[in-house]
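Comments concern the structure below.
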Amino acid sequence: MADQDNYSDIPQEVPLEDDYRQDPENVARGHKATLANPNVSKEAKQHSRSVLDNEFQEDPATENTKSTGSQSKQKDPGNVARGYKATLSNEGVSQEAKENAKQKLQELQ
């Protein structure tokens, strides 16, 4: 009888060992959540702080990473302008915010 996982010559999309690897970003998120949770012991918070400091090289207070990612890129001016235009047409936005958006939009042009 053939093994259920080997019934085809087509390789599996995700190798089995990849299913059990931890995503470093999710691990860091878990440690940040531990630091923010008031129901967690001081020892657990110390452990999470040391893991973030040593393994991820992050400052949990400011959440600045030393790695370069998509956050380090400049914002697309077109998207910024569209955001300000959306603010101007949104009825749920205060008049003060609309005036601020209008001023910022004029500065972009």
#### Entry: Yes/no for N79 being at pLDDT 90 or above, under 30 Å from N26 (Cβ atoms), out of contact with any Leu (no Cβ under 7 Å at 6 or more places or on another chain) and not charged (D, E, K, R)
yes
### Summary
Counting only residues in region 4-37 that are open to solvent by 100 Å² or more (accessible area, probe 1.4 Å) and hydrophobic (A, V, I, L, M, F, W, C), the one modelled with the highest pLDDT is identified as I10
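The values are calculated or read from the model by the stated rules, or taken from the named source; none is laboratory data. All figures in this text were calculated on a predicted structure; none of them were measured in a lab. Counting neighbours? That spans all protein chains shown, and the Cβs are built from the backbone with ideal geometry, glycine included. Heavy atoms of the whole protein, side chains included, go into the accessibility calculation; ligands, DNA and RNA do not. Shrake-Rupley method; radii C 1.70, N 1.55, O 1.52, S 1.80 Å.
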